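Quick notes on the structure that follows.
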Amino acid sequence: MIKRKMIGYGKKEKHLSAKIWIWLMAFAFLICGHGTLRAQGTITIDSYMDIFTADVGSSETDSYMVYGSGFPVDSPPVDIAITGSSAFSISTSSSSGFGTSIQITEIFDGYFEAMIWVKFEPSDKGSHTAEIDHTSEAASTQSLTVDGNATIMPVRLVSFHAEREGKKVALKWTTASEDNNSHFDIEMKTPDKDHFVKIGKVASKVGTSVTSTDYRFVYTDSPTEVRYFRLKQVDFDQVFSYSPVVSMPELREEFSLYLISSPTPQLEVTTPRAGYLSIKILSFTGTLISDLTYQMPNSSTLWIALGDLTFSWKYLVIAEFSTQPGEEIQQKRMIFMVN
């Protein structure tokens, strides 16, 4: 009786051992790569990025690290893609190659690491959100959410300069964006003054815009001396700010010297502004014949008769002009013969 029970127990044990052996063989078949179960790698994201903040038309860049470990030898690439707001883009370089996707192929001994750069470059005002997914057939997908806030400066001034147009001064400036902009006051001052005075006003062409806008103002009072100009940008709520100051140098027009031979010989001298004029007439041998000085009012013309000079002789005329005694002198020279 005892013998029969022992034989029966032996059959059950043998049957159970066979099942265990089949399970072990199946598991070995799978983990060796001959089935659908593969060794799983791990993707880890290390990010300390804060909320991105940038003005419309500008950009901000930050970075994070991504690591991979436990990847099989024949592991496929890791794909990194950004979706959501088009204001965001990614690259492995801080200065170029930004787009919507990156592929990491350099995986050595089951390990990789990469620095990923994120650029926030908004084209419209408000909040922006994007999702960065890190995927691989050999690892579970890991995601990172990035947020950005875009603002518009009241006025983003990209250029402002002054240039002469004849005796007038043309002020030209360009804005890259405007938000709630009412107008620009044009202000000017001279070197002898401590404060600016308003000389004009130009209304905003757009009020609010994220596109480039050009402006122009012409100052018609024909200044010849140094002038300083600035813009006072004023919002609709009367908040204002000033532009950098630009200068217009002194108008350096030269005076002119001509010989008029008919009906009687005479010199014609024209000065561009008020100042001091000196005329010296010398013989060709160097003898001083005339030494004349004039105080010229504003822009004026002076005629000097040469009737007392000897005919058929050559003469040298030296004409000098300065705004103030002792200041830089402009000089003209002329050789002529009295016929």
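For the reader, a short list of remarks on this structure follows.
- Long-range amide H partners of Val226 with built H, under 5 Å: Glu250
- In a simple Cβ point-charge model (Lys, Arg +1; Asp, Glu -1; nothing else charged), segment 137-182 has a dipole of about 560 debye relative to its Cα centre.
- Potential extension, Gln330-Ser143 segment - 0.36 nm per residue separation minus Cα distance: 59.9 nm
- Chain lengthening between Lys167 and Val218 when straightened (0.36 nm per residue, less Cα-Cα): 17.3 nm
- Spin-label proximity, Ser59 to segment 121-153 - amide N less than 15 Å from point 7 Å beyond Cα toward beta carbon: 121-124
- The residues packed around Gly84, meaning those with a beta-carbon under 15 Å from its beta-carbon, carry a net charge of -4 if Lys and Arg are +1 and Asp and Glu are -1.
- Rounded FRET efficiency, nearest 0.05, which uses the C-beta distance separating Glu131 from Asp74 and R0 of 22 Å: 0.15
- Where labels lie 7 Å past Cα in the beta-carbon direction, separation of Thr208 and Thr100 in nm: 2.8 nm
- Peptides 191-198, 298-305, 79-86 ranked from most to least packed, by the mean per-residue count of other Cβ atoms within 10 Å: 79-86, 298-305, 191-198.
- Each Lys and Arg adds +1 at its Cβ and each Asp and Glu adds -1 at its Cβ; summed about the Cα centre, segment 256-337 shows a dipole of about 160 debye.
- Taking the inverse of the mean reciprocal distance over all distinct Cα pairs, the Kirkwood hydrodynamic radius of segment 42-151 comes to 14.3 Å.
- Cα point-scatterer Debye curve for segment 87-181, base-10 log of I(q)/I(0) at q = 0.21 Å⁻¹: -1.12
- Among 67-78, 225-236, the peptide with the highest mean count of other Cβ atoms within 10 Å heads the list, and the full ranking is 225-236, 67-78.
- Thr92 versus Phe108: modelled label distance in nm, points set 7 Å from Cα along the beta carbon direction: 1.3 nm
- Extending 7 Å from the Cα toward the beta-carbon at both Ala81 and Asp237 defines two label points whose distance is 4.3 nm.
- Comparing Gly57, Val146, Gly84 along the charge dipole axis of segment 42-151, the residue lying farthest to the positive side is Gly57, per the Cβ-charge model.
- Residue by residue, segment 153-167 carries 3J(HN,Hα) couplings of 5, x, 8, 9, 8, 9, 7, 7, 8, 10, 8, 7, 10, x, 9 Hz when phi is fed to the Karplus relation 6.51 cos²θ - 1.76 cosθ + 1.60 (θ = phi - 60°); x denotes Gly or Pro.
- For segment 155-248, the spread of Cα positions along each principal axis, largest first, Å: 37, 26, 18
Readers should treat all values here as calculations from the given coordinates under stated rules, not as data from a laboratory. In this text the structure is predicted, and so the values were computed from the model without any measurement. We place every Cβ from the backbone using ideal geometry, glycine too, and count neighbours over all the protein chains shown.
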